[in-house]
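Every number here is computed from the coordinates shown, using simple stated rules; none is lab data. Just so it is clear, the model here is predicted, and its values are computed rather than measured. Because the Cβ atoms are built from the backbone with ideal geometry, glycine has one as well, and the counts that use them run over all protein chains shown.
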Amino acid sequence: MKVEDNESFLRGVLFAFDIVADFSEFAVCRRIISDVGHDKLKEVAEKQGNKEILELIEYVGVE
């Protein structure tokens, strides 16, 4: 099993993403999205029903 497929790990990544975004460290957020995958993060955020994180993922995006 790949780490990216481990939902528990991805929930932890979303938690870290949220904390980093609170400090407006969007370069770090972009790196998280790039490393883990935009679609994977969105999928887990949708499962959690976390609209704030979904908006952050879209706002930060990947350049």
Specify the residue that is nearest to VAL60 (Cα to Cα); the eligible residues are those in the range 12-25 that are of a type outside the set (Asp, Glu) and loosely packed, with under 15 Cβ neighbours inside 10 Å. SER24
For the range 34-52, name all the residues that are crowded, with 18+ Cβ neighbours inside 10 Å and more than 11 Å from LEU10 (Cβ to Cβ). none
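Could you tell me how many of the residues in the range 26-50 are of a type in the set (Gly, Ala, Ser), closer than 15 Å to GLY61 by Cβ and without any contact (Cβ under 8 Å) to a residue 12 or more places away in the chain?
1
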